[in-house]
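Heads up, the thing below is written out as structure tokens.
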Amino acid sequence: MPHYCVSVIRALVDWWDSVELWFTQLAFPLQVLLAAVLLLPLCWFTAAGADRVLDRVTDLVTGLVRSRRTPPRGEVR
């Protein structure tokens, strides 16, 4: 089983090396265009996902803090 994992990783590394070689052989304006077309949406989706996760965590933590600070109705501290 470990041999299979090593061969899969090796295949991925070889594939990435070929993509990198192809990319570096392009003209610079094409490199910039391709990088912008690929990276801008990737960065946007990553930022949007992080924003959603952090909003939910903040809402959860804020709800826990509020429930600790305010006693239930009818109870006096």
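Coordinate-derived values only; no laboratory data. This structure is a prediction, so every number in the text was calculated from the model and none was measured. Glycine gets a Cβ as well: all are built from the backbone with ideal geometry, and neighbour counts include every protein chain shown.
Whole-Hz Karplus values for the range 44-54 come out as 5, 5, 5, 5, 5, x, 5, 4, 5, 5, 5 Hz, taken residue by residue from phi with 6.51 cos²θ - 1.76 cosθ + 1.60 and θ = phi - 60°; glycine and proline positions read x.
For the chain, the residue among Ile9, Val65, Leu42 whose Cα projects farthest onto the positive side of the dipole built from Cβ charges is Val65. Normalised by 2.2 N^0.38 Å, with N the number of residues, the alpha-carbon radius of gyration of the chain equals 2.15. About the centre of its Cα atoms, the chain shows a dipole size close to 780 debye [charges on the beta carbon of Lys, Arg (+1) and Asp, Glu (-1) only; nearest 20 debye].
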